[in-house]
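Just so it is clear, none of the values below were taken in a lab; they were calculated from the coordinates. All figures in this text were calculated on a predicted structure; none of them were measured in a lab. Note: ideal-geometry Cβ built from the backbone for every residue, glycine included; neighbour counts use all protein chains shown.
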Amino acid sequence: MIEYNSQEKRDSLSHVRFADEELIKTQVLQGEAAQTIIQGKNCSVYKMENETGEGVITRYPVFPGIELLYDDIHMSCGVAHREDPRADLLEINHCRLGRFECEFSDGSAVYLGEGDLAVNVMTNRTRETWFPLSHYHGITIAVDIPVADKILRQVSEALGEGLYCDLFAMRDRLCACNSCFIMRATESIQHIFSELYHAPEDLRAGYFKLKVMELFLFLGSPEITAHGEERPYVDRAQVEQIKSVRQYLIEHLDHRITLQMLSQTFSFPLTSMKKCFKEVYGTTINAYLQAYRMHTAAGLLRETKLDVTEIAGRVGYQNASKFSEVFRQHTGHGVPQKFLSYRSRQRPAGVVKQLKIGYDTLVRGGICQKAHRVRCAFSLTGN
């Protein structure tokens, strides 16, 4: 949740509206699902909320017809019905953390993973959007092509040749036949967007303009289509089946379930099941399950009076030593020895603090890379 500490800042942003407010809200911000928190000349903030969580989107104008939005999502379901699709509205998405699932009107679904970039034209009808890991953080750039193209021509004429990118040609090349262009994470994409995530506040207005123009020049290169990856369009029925597989796993966390058992239980061919699971959740079944077990164990260690042996059993480990070893690998912190035989005594404050550090590392990342991967690989409430 974003906090606004300055009443003056809130007041200064409250009286100016964006020219394309309704266009952006209906086409990009999911219509009535977005509530305006702050609305101003240089920045607007919207909140989305449903039974699965909430999300905050911070929006900045870049050029007339071009908006940049920071997406901070902590929910599993975000509904997006576009009743009035537009061929002249382009949406560019970059995933920094988490995972994004987009279901189209034909029942197919595509996924955007960490570091990936997607370009989609708004005639490619979206039925629903989901966040399989219950969190998603990234950038959306919304482009009203006729307006933006005119402005970019003027900028190019003023600054010199070589700066103009034909947005109509870029759309036709990347989104031919209303397809969604997806490009796997590359150093070039990382370079462009990493700087956008850390733009100095006092330089944002000019900085956004430069970086957006750099992105357009990058995507406008005819060679860029060769770097696009044909991400498989996953059938919706398989997606629902694989989500049932995940739910079954977390409801039987204390059981040892093999992939062969899962395949038989759900009448899901083993190879297809493994491939579909990785496409939806971005990792293998075994890696996801182990990460989920450690997440659950960290919460139990922190919030209950159960000893390590009991907790290990609850998350599917019969051997407490093995559990402690895996826990250390995922959190960067070992289970304190005092807990190996602990049952009903009050936990020492120092040990609780150590557990909290380990738990926060596991859930929020920050100390070790393995914990960062765990944070991006699963969620307690993910679908």
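With the cut-off at under 18 Å, measuring from each backbone N in the stretch 241-267 to a point 7 Å along the Cα-to-Cβ line of residue 77 picks out 241-248. If the segment from residue 287 to residue 154 were pulled out straight at 0.36 nm per residue, it would be longer than the present Cα-Cα gap by 42.7 nm.
For the pair residue 210 and residue 35, the difference between a 0.36 nm per residue extended length and the Cα-Cα distance amounts to 60.0 nm. The modelled label-to-label distance for the pair residue 254/residue 186, using points 7 Å beyond Cα in the direction of Cβ, is 5.1 nm. At full extension, residue 237 and residue 108 could sit 45.5 nm farther apart than now, given 0.36 nm per residue minus the alpha carbon distance. Pairs over the 31 Å Cα-Cα cut-off, from the set 278/305; 274/322; 209/243; 41/150; 47/243; 41/278: 278/305; 209/243; 41/278.
Sorted on the mean count of surrounding Cβ atoms within 10 Å across their residues, most packed first, peptides 126-139, 276-289, 309-322 read 126-139, 276-289, 309-322.
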